[in-house]
Amino acid sequence: MNLPFSAQLINLMASLLLLIAFAMLSQRRILSLIYLFAWQGAVLCANTLIVAWSTGQPHLYYSAMITLVLKVIILPWLLHRLIVRLNIKWDVETMINIPITMLIGIALVIFAFNLALPIAQWAETITRSTLGIAIASVLLSFLMMITRRKAVPQVIGFLAMENGLFFAATSTTYGMPMVVELGIALDVLVGTFIFGIFFFQIRETFDSLDIRNLEKLKED
Amino acid sequence: MPWFEFIPLNIVIGIILFWIALGAAGLIAQSNLHYVTRILLPAGAAAGVALAATAFAAMSQEAALCVVPLGLPDLPFHLRIDALSAFFLVLLGLAATGVSLFYAGYLRAGEDNSPGLTCVQYHLFLASIATIFVADDGYLFMVAWETMALSSYFLVISNHRDAKTRSAGFLYLLIAHVGAIGILLCFGVLQAGGGDYTFATMRAVEPASAGWMTVAYLLALFGFGAKAGLLPLHAWLPEAHPAAPSPVSALMSGVMLKTAIYGLLRVTFDLMNTQIWWWGVLTLALGLVTALFGVLFAAVQTDMKRLLAYSSIENVGIVLIGIGLAITFRAFNMHALAALALVAALYHCLNHAFFKCLLFLVTGSVLHATNERSLGKLGGLIHTMPVVAWLALIGTLAIAGLPPLNGFVSEWLLLQAFLLTPGLPNSYLNMLVPVAAAALALTFALSGYVMVKFYGVIFLGQPREDKLKDAHDARGFERLGLLWLAAGCVLLGVLPVPIILQLGSVTTQLIGATISDSVVASGWLFITPIVPERASYSPLIFLVVIAAVVLLVFLLVRAFYHGRVRRGAAWDCGFPLQTSRMQDTAEGFGQPIKQIFELFFRIERHVPTPFDRAPYYQSRTEDRLWYWLYVPVARVAERLSGWIGVLQRGRIHIYLIYSFATLILLLVFAR
Amino acid sequence: MIEAILSQLFQTLLAVLLAPLMLGWINNCRSWLQNKSAPGLLQPYRTLRKLFHKDAVLAHNASSLFRMAPYIIFGCMVLAASIVPMVETNLPFAYAADAIALVGVFALARVFMALAAMDIGTAFGSLGARREMLVAFLAEPALLMVLFTPALISQSTSLNTMVATLGQREFALFPSLAYAAVAFVMVLLAENARIPIDNPATHLELTMIHEAMILEYSARHLALMEWAAAIKLMIYCAIGIALFMPWGIVAAGSWPLLPVATLVLVAKLLVAGGGLALLETVSAKMRIFRAPEFLGMAFLLGVLGMLTHFLLER
């Protein structure tokens, strides 16, 4: 193990990201999900800072700032306010039970790691070995979206997926151009607002946020 | 060789003939129990010891060949003893000795089969298994295979007045024959136009392409897997083992399943010159699924012999995991590691023979003493049957894979082999195989659970039925047989290095590499499969230290304080009423497994409602594969035979027309 | 040679004699954190002395297995204490077992405990045995996976080599070890009957696992079982320290450094005990049906650690 210290720190951040993605998959309470999402944002911000410092790319500092403000402070606060107003602090219900979900998660992780190995070999950044983890956390967030019955965890899964994509970008190409970055940040913010509005509409129509009720909308 | 030319093969043939002679001698005075149990069976046991000793010596010698002009005119019997055969003959000899000694004390008059008939079936069974191990051509192999299947069928349906026994025997024979077809086809493919069916020819020729080699391997896996109890061809095991008398179940589990392992090894490593890596992965996966399946189902059983049968399925799965690893390593030219995996698998075969035979014989003693097979009616037998209980404890600890007994040695070697897999060239395999190691560790832990249930419910606690107070302990020959096997478990656990050294000659023959040098690098006390810094284990030190500490603490406590004991009622948290029905039943002990692994089982429950006149609760746990695979196949077979049955009219005119039509056809086409 | 034997004896005796003190320290920390007055550091020793003086009361149907089990379990724990490198590596007994054999020794002790619990045939005994085996069958593979991660890093399953590799190379962050550490802490809590799996201070029948198994024991048998449990806790902490904080364990044969190593060990154990007490105070006990999930999480974290090792550290 003779990687430079910054590379080791980035690996550590990557594994923390994966740990948080798994922890989100096994959570039962929505409040903990929001806190984990905030932690994930913090890890992402720290990672961007380390990459910025060790590779000397100043635009990554701005990127880290945006991440901090948006994903650690604003979005969790918005989500918290949302669930307080919708009054849904109860348990998250899942379609398949949690141990099986974890097993599928492990299978996805193996798949993602194997996918990333050949790509990692010809990338030139110091963070190339973390691509597998980034793909894995995207897949795990997707899995979380699929296996939840209520709407709020699905939104959090969507946001976590975006986190994973951001991490993937940082790891292979040292971040995205500033314009793209700002555009995505704006999209995420607007998306969350729209989701919030939808939640209220769903709740008004069905008196519950269980998405299976949406099936009643089909014609037959 | 100083003054005798002792040719192991001749001695082995002699012992086979001796066993057949013993069987025939049993027919002379069929109902004379004393003659069978005091003369014939002990003679069979002595022959077993001789077989084991001969074969052990033969393991390090060169292969010996012999052609016997029995059989058909152009197909003489070829016999050969080499390291692989010798190892399995050792296994057979040692297990047969223990079981024969036990049977001498166990056999009773007044059963459905007369003693002489049992004697002939039993010795024919032993002789046919020995013949399988020394067969050197496909023809003799199949003859011996069929003889083994038939003789064991007759042994299984010893209590043929019971309908369930008969149907279990039928299922057993059916699957045995389905497997035999697979083996026959495999030999056909292997022979690849070589002319005759001797193994020497099969070694020399290569099948036409990798595709045909794969076909041969898959057929071998199917055929031998059916006999070994591999998923999904396992359904006969949990039916046949409980139905058969206990010594027969012991031999079937301990030795007969190993003939399938022997066949698979012979075909894969000896008759085929190269192996393809994904065969190994397939075998490993199948073995893993089988092992998990076996142990999960064992955890929910309520019949003690069914529990042991499922445990046999689990152990066969573990052996196949080792073989799969060996094939994978060999295919990637990592010979030393393949040798390690193969040694682990073979050692586990030997271990399983000992502890499974011991446990099945223990159930035999319990059955004779109490006439109960169901775990729900046993309990507290350690007080009335102490000898059996303590020997069963050795067997239980061994099968749970606890140091310093023998089960742990093969588990340890197998896990060491798994930890070496990161050197594989394929990255998927690199990551999947450690996950397989995780599943293997889970299987080992679950087997501990199952065995605690087995031992605890039968021997510990309070008796669940009143008649259990009259249970008598094992006597005479029964005790001798159990002692022999228990001693084997302890010795194999505490002194594994000589055995591993001898196994080196087997792996040299099959793979071309051996771990013997590294194993003895630190002396006979330690096993060091690769290098001492990497891993080392010394079971003798374990045993000595624990025993020394026990003794020391005992003496110190007596010296400094006292050893006074008072007897009183059990505390039980102050509950005044304590009946035997308050302790866990077998279902209760398996309930957590049933709940966690619900998906694997097919559970049918009848739950009482408040409106029932006579409410009852019933829960049946069954095998899903029976309904998914066996029942549909049986239905298809029935329908097909129904259609073909249309041909059978019963009227002579129709049959004459058939003959006439065939004659016309032949005249037209075979000019 | 003599030095090696003396060092071995020293380590074994240290572990055996200090284990109740560690238990006392953890109980004290817990009391301080919960704003209660502490029982005193030497309380476990007083309890043991009291128990040894008493007459053993056995149930009428207790068998010889029941009477022998505490001695055997104590013997297993003493053996485990001799194997784990606490102050010095390459002690003579350390070659007798590697990490897998260590797990095997714990399994042996556990099986004897479960069998002894089933021996009297009361409802609580078999309840405890069943629950203990339930926790065990998930905790044992999780522990094996946790031990495999440093085994893969140091290319060996021998604890000596692991300590030597991890402790005597330059400082490097291994994310896989981070996973393994989290999983190890979870397994430690489960195997030693701590909150959140089991409450070591409880005597409520329906919530106990470890207590249910030793319910029928008294006097010297109970003393040996309690002592063995304390040694087990200390060994687990020692394994964690050896794998994740191995600095301070000296190589074999360095006599003069032995006192320093002992002091370092004591300091680390104090920290570990305090951390354990903190964890116990902030967690609530889980329902027994959630225990398999907890342990399954530990198991999966162990597997994840191994996979991360393949991805990030090769």
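The values are calculated or read from the model by the stated rules, or taken from the named source; none is laboratory data. Being a predicted model, the structure only gives us computed values, none of them experimental. Glycine also receives a Cβ, built like all others from the backbone with ideal geometry; neighbour counts cover every protein chain displayed.
Against the condition surrounded by fewer than 23 Cβ atoms within 10 Å (Cβ to Cβ), farther than 29 Å from C:Pro256 by Cβ and facing another protein chain (nearest Cβ under 9 Å), how does C:Val182 come out, does it pass?
Spelling it out, C:Val182 is indeed surrounded by fewer than 23 Cβ atoms within 10 Å (Cβ to Cβ), farther than 29 Å from C:Pro256 by Cβ and facing another protein chain (nearest Cβ under 9 Å).
If I filter segment C:33-52 down to residues being free of Cβ contacts under 8 Å to residues at least 12 places away in the same chain and not polar (S, T, N, Q), which single residue comes out as nearest to the other protein chains (Cβ to nearest Cβ)? Break it down into steps so the answer makes sense when it comes.
Narrowing segment C:33-52 to residues free of Cβ contacts under 8 Å to residues at least 12 places away in the same chain: C:35-38, C:46, C:49-50.
Imposing the further condition that a residue be not polar (S, T, N, Q) reduces the set to C:36, C:38, C:46, C:49-50.
On the way: C:Lys36: 26, C:Ala38: 28, C:Arg46: 15, C:Arg49: 9, C:Lys50: 11 Å.
Applying the filter and picking the extreme gives C:Arg49.
Looking only at residues that are within 14 Å of chain B (Cβ to nearest Cβ) and modelled with pLDDT of 85 or more in segment C:227-260, which one is farthest from C:Ala164 (Cα to Cα)?
This residue is C:Trp227.
For segment B:303-392, list the helices (runs of 4 or more DSSP H) that sit wholly inside it and hold at least 3 residues that are touching a residue at least 40 places away in the same chain (Cβ under 8 Å) and under 30 Å from B:Gln509 (Cβ atoms); which are they?
Values: elements: B:304-331, B:335-370, B:381-384.
Fully inside segment B:303-392 and qualifying: B:304-331, B:335-370.
When segment A:1-16 is examined, which residues are found to be more than 10 Å from chain C (Cβ to nearest Cβ) and part of a helix (DSSP H, G or I)? Steps first, please.
Of the residues in segment A:1-16, the ones more than 10 Å from chain C (Cβ to nearest Cβ) are A:4, A:6.
Selection gives A:Ser6 alone.
Might you let me know whether segment B:400-414 holds any residue that is of a type in the set (Val, Ile, Thr), within 7 Å of chain C (Cβ to nearest Cβ) and on the phi < 0 side of the Ramachandran plot?
No, the conditions are met nowhere in segment B:400-414.
Could you grab me the full set of residues in segment C:131-161 that are facing chain B (nearest Cβ under 8 Å) and hydroxyl-bearing (Ser, Thr, Tyr)?
C:Ser156, C:Thr157, C:Ser158, C:Thr161
Is it fair to say A:Phe195 is assigned to a helix (DSSP H, G or I) and at pLDDT 80 or above?
Taking the combined requirement at face value, the residue does not satisfy it.
So, in segment B:642-671, how many residues would count as being part of a helix (DSSP H, G or I), surrounded by 10 or more Cβ atoms within 10 Å (Cβ to Cβ) and within 46 Å of the chain's Cα centre (by Cα)?
Qualifying residue count for the region: 1.
Step by step: first the residues of segment C:79-90, then only those that are crowded, with 24+ Cβ neighbours inside 10 Å and more than 16 Å from C:Leu265 (Cα to Cα), then the one that is nearest to the other protein chains (Cβ to nearest Cβ). Which residue is that?
Checking each candidate, the answer is C:Leu79.
Could you pull out the residue among C:Ile195, C:Ile209 that is within 18 Å of C:Ala277 (Cβ to Cβ) and either surrounded by fewer than 22 Cβ atoms within 10 Å (Cβ to Cβ) or at pLDDT below 90 (or both)?
C:Ile195 is the lone residue from the list that is within 18 Å of C:Ala277 (Cβ to Cβ) and either surrounded by fewer than 22 Cβ atoms within 10 Å (Cβ to Cβ) or at pLDDT below 90 (or both).
Working carefully through the options B:Gly194, B:Gly229, find the one that is without any contact (Cβ under 8 Å) to a residue 60 or more places away in the chain and out of contact with any His (no Cβ under 6 Å at 6 or more places or on another chain).
From the options B:Gly194, B:Gly229, the qualifying one is B:Gly194.
Which one is surrounded by the most Cβ atoms within 10 Å (Cβ to Cβ), of the residues in segment B:351-385 that are more than 27 Å from B:Ser410 (Cα to Cα) and either touching a Pro at 6+ places or on another chain (Cβ under 6 Å) or of a type in the set (Gly, Ala, Ser) (or both)? Walk me through it before giving the result.
The first filter runs over segment B:351-385 and keeps only residues more than 27 Å from B:Ser410 (Cα to Cα), leaving B:365-385.
This time we only want the ones that are either touching a Pro at 6+ places or on another chain (Cβ under 6 Å) or of a type in the set (Gly, Ala, Ser) (or both), so: B:365, B:369, B:374, B:376, B:379-380.
On the way: B:Ser365: 29, B:Ala369: 19, B:Ser374: 14, B:Gly376: 15, B:Gly379: 25, B:Gly380: 25.
For segment B:351-385, the residue satisfying everything is B:Ser365.
State whether the residues of segment B:58-66 include one that is on the phi > 0 side of the Ramachandran plot and surrounded by fewer than 20 Cβ atoms within 10 Å (Cβ to Cβ).
In the first step, residues of segment B:58-66 are kept if they are on the phi > 0 side of the Ramachandran plot; the result is none.
No: segment B:58-66 contains no residue that is on the phi > 0 side of the Ramachandran plot and surrounded by fewer than 20 Cβ atoms within 10 Å (Cβ to Cβ).
Check off (1) within 14 Å of chain C (Cβ to nearest Cβ); (2) under 17 Å from the mean Cα position of the chain (by Cα); (3) in a helix (DSSP H, G or I) for A:Gln27 and give me the number that stays unchecked.
(3)
Would you be able to tell me the number of residues in segment C:113-124 that are within 7 Å of chain B (Cβ to nearest Cβ) and surrounded by 24 or more Cβ atoms within 10 Å (Cβ to Cβ)?
8
Condition check: within 20 Å of the chain's Cα centre (by Cα), of a type in the set (Val, Ile, Thr) and crowded, with 16+ Cβ neighbours inside 10 Å. Does B:Thr147 satisfy that?
yes
Looking at the structure I just gave you, is B:Phe418 in contact with a helix residue (DSSP H, G or I) (Cβ under 7 Å, 6 or more places away or on another chain), in a helix (DSSP H, G or I), at pLDDT 85 or above and more than 10 Å from chain C (Cβ to nearest Cβ)?
Here the answer is no, as B:Phe418 does not meet what is asked.
Here is a yes/no grid of residues against (1) more than 7 Å from chain C (Cβ to nearest Cβ); (2) at pLDDT 85 or above:
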{"position": "B:Val549", "(1), (2)": "no, yes"}
{"position": "B:His562", "(1), (2)": "yes, no"}
{"position": "B:Asp572", "(1), (2)": "no, no"}
{"position": "B:Thr579", "(1), (2)": "yes, no"}
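Only one residue in B:Leu491, B:Leu485 is under 30 Å from B:Ala586 (Cα atoms) and of a type outside the set (Gly, Ala, Ser), so which one is that?
Result of the check over B:Leu491, B:Leu485: B:Leu485.
Being within 14 Å of chain C (Cβ to nearest Cβ), within 21 Å of C:Leu304 (Cβ to Cβ) and at pLDDT 80 or above is the requirement here; does A:Phe113 meet it?
yes
Here is a list: A:Met176, A:Met145. Which entry is under 20 Å from the mean Cα position of the chain (by Cα) and at pLDDT below 75?
On the way: A:Met145 fails: at pLDDT below 75.
Just a single option satisfies the conditions, and that option is A:Met176.
Does B:Phe477 satisfy the condition of being away from chain C (no Cβ under 14 Å) and either in contact with a Gly (Cβ under 7 Å, 6 or more places away or on another chain) or among the aromatic types (Phe, Trp, Tyr) (or both)?
yes
With among the hydrophobic types (A, V, I, L, M, F, W, C) and touching a strand residue (DSSP E or B) at 6+ places or on another chain (Cβ under 9 Å) as the only criterion, which of B:Leu41, B:Leu22, B:Leu101, B:Leu89 stands out?
Residue meeting the stated conditions: B:Leu89.
Taking C:Glu280 and the conditions (1) facing another protein chain (nearest Cβ under 9 Å); (2) more than 30 Å from B:Glu598 (Cα to Cα); (3) among the acidic types (Asp, Glu), which numbered condition does it fall short on, given that it satisfies the others?
Single failed check for C:Glu280: (1).
Of the residues B:Arg635, B:Arg602, B:Arg639, which is charged (D, E, K, R) and surrounded by 11 or more Cβ atoms within 10 Å (Cβ to Cβ)?
From the options B:Arg635, B:Arg602, B:Arg639, the qualifying one is B:Arg602.
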